[in-house]
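Just below is one structure, and these are the notes that go with it.
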Amino acid sequence: MPNLLRGARQPRFAILFATLVACAESAPADSSETEFDPWWLASQQPAPAKPVDAGPSTDIYAPPQDDPFYEPPAITGQPGDLLRIRNSTFSNDPFFQIPYDDVMAWQVLYQSTDALDRPNAVSGTILVPAKAWSGSGERPLVSYAVGTRGLGDGCAPSYTLPLGVDYEGDIVRTLLDQGWAVAITDYEGSGTPGRHTYMVGPSEGHAVLDLARAAQRLDGAGLGSNTPVGLMGYSQGGGAAGWAAELAASYAPELDVKGSAVGGVPGDLAATAEFLNGSPLVAFALMAALGLDAAYPELDLDGHLNAHGRAILPKGESLCISSLDGFGSVIGDFSFTSFNDYTTSDLLMDPAWRARLREVQLGKTKPSAPVYQYHSLLDEIVPFEQAATLRTTWCTLGADVTWDVLPAEHALGIAVGPSLAIPWLAERFAGKATASNCDAP
């Protein structure tokens, strides 16, 4: 397959932790202390024809925790309804935030559903190429699920994409270069009030599907009910897109989902937590514990914490690993620790925790559309074995699965995977037959 991530648009993951956040952390301070009114913000894009609510703030460079736009209005509608809209920008320039002038961008709040099937409000970004779609049929839409950022509101992609510091910005740009529209959810509690329900599949799957619905309903985006939809994500995003693939037929049957490209999928959180326990990267499992606790109040994480756990909890709740300081905390503060260093009992053996971990395990439902699943053989964060088990489970359920094993580790997987996943999605949008390899070992 051709390498679509070419030239200067090769993903910058190798320098992510050393460069992104310095810019991300400095930009909001600068924008709040000076009158930052870039010329392109007012003139680059047309306003939506019938904006639902422009919101109480127009400063897209303000951190979400300081921006009233992210405070939801009353939620009284249906999943996918737009609650608030404002024009935004998309940039891959971390120094001057010069936006792409060939992309229309909106920040939105939209209605979704949490893990307990209650209505909630989620923020996100909708991007559409300004150039008319020249392919056959209607312009496709990819609901793109991002990988791990952390639990802090400042990690939200709707905030980092205008600043030019989102570490998956190159992938988003490549999707747009296909002529496709792209919707990027922040997930529940990222940007919006409340703790991010990190790694909680039902909540994340709902958010991915409902932003696709919202994009189809956005005046000015040129999308509609017949828009072909693709789902895509890696790592946390692979799990979110995998959940969206399983939920699509029952939760959003009106969406014309053509396929799901999912990589580095943490389909079994219990197995992943055991794999990470005591490792240099155990912080990812600890963040997942915080995310599960946010989604399921009966887990009562605080009641299981010891004094050290309670003391370090605030740092975990505000952690953004896509920053120099945040990644330093992952390595410096949490590395090589175990769950027992923070708790008074073993959460993995607690009946309530075990029940919820089973509930958020992928593989219970056959994805209704074809799936391209890939995983790095040497993945040091999301264990390979549980991903291979998910592939077998989906195949046993009768799903159309194409499986690829990458000779790489986790970070290289996100760098290499899109050059395989994007052409696969293009074939689904073109109506071409799949080449499922469920029968292969």
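The values are calculated or read from the model by the stated rules, or taken from the named source; none is laboratory data. Since we're looking at a predicted model, the values are computed, not measured. In this analysis, Cβ positions are derived from the backbone assuming ideal geometry, glycine residues included, and neighbour counts consider all displayed protein chains. The protein model used for the area step is the full one, side chains on, heavy atoms only, and it has no ligands, DNA or RNA in it. Shrake-Rupley method; radii C 1.70, N 1.55, O 1.52, S 1.80 Å.
What to note about this one:
- Among the residues of the stretch 146-170, those that are out of contact with any Gly (no Cβ under 7 Å at 6 or more places or on another chain), assigned to a helix (DSSP H, G or I) and within 24 Å of Asp101 (Cβ to Cβ) comprise Pro157, Thr160, Pro162, Leu163, Gly169, Asp170.
- Wholly within the stretch 360-441, helices (runs of 4 or more DSSP H) carrying at least 2 residues that are among the aromatic types (Phe, Trp, Tyr) and either under 27 Å from Leu276 (Cα atoms) or touching a residue at least 12 places away in the same chain (Cβ under 8 Å) (or both): 384-396, 418-429
- Residues located in the stretch 273-323, provided they are open to solvent by 20 Å² or more (accessible area, probe 1.4 Å), farther than 23 Å from Arg358 by Cα and within 20 Å of the chain's Cα centre (by Cα): Glu317, Ser318, Cys320
- Across the stretch 236-279, the qualifying residues are those that are assigned to a loop (DSSP other than H, G, I, E, B) and touching a helix residue (DSSP H, G or I) at 6+ places or on another chain (Cβ under 7 Å), and the one among them that is nearest to Asp114 (Cα to Cα) is Ala252.
- Matching residues, the stretch 80-113, being open to solvent by 20 Å² or more (accessible area, probe 1.4 Å), more than 16 Å from Leu161 (Cβ to Cβ) and not in a strand (DSSP E or B): Asp81
- Matching residues in the stretch 122-158 - criterion: being over 24 Å from Val265 (Cβ atoms), open to solvent by 10 Å² or more (accessible area, probe 1.4 Å) and in contact (Cβ under 8 Å) with a residue 12 or more places away in the chain: Pro129, Ala130, Lys131, Trp133, Ser134, Gly135, Ser136, Gly137, Glu138, Arg139, Asp153, Gly154
- Take the conditions (1) open to solvent by 30 Å² or more (accessible area, probe 1.4 Å); (2) farther than 25 Å from Asp293 by Cα; (3) of a type outside the set (D, E, K, R); Leu116 misses just one of them, which is (2).
- Qualifying positions in the stretch 193-221 - within 19 Å of Ser235 (Cβ to Cβ), in a loop (DSSP other than H, G, I, E, B) and open to solvent by 10 Å² or more (accessible area, probe 1.4 Å): Met199
A quick yes/no check of all residues on (1) closer than 23 Å to Glu317 by Cβ; (2) modelled with pLDDT of 95 or more; (3) part of a helix (DSSP H, G or I):
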{"position": "Tyr144", "(1), (2), (3)": "no, yes, no"}
{"position": "Val172", "(1), (2), (3)": "no, yes, yes"}
{"position": "Leu175", "(1), (2), (3)": "no, yes, yes"}
{"position": "Gly191", "(1), (2), (3)": "yes, yes, no"}
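- Inside the stretch 177-189, residues that are surrounded by fewer than 24 Cβ atoms within 10 Å (Cβ to Cβ) and either at negative phi or assigned to a helix (DSSP H, G or I) (or both) make up a count of 2.
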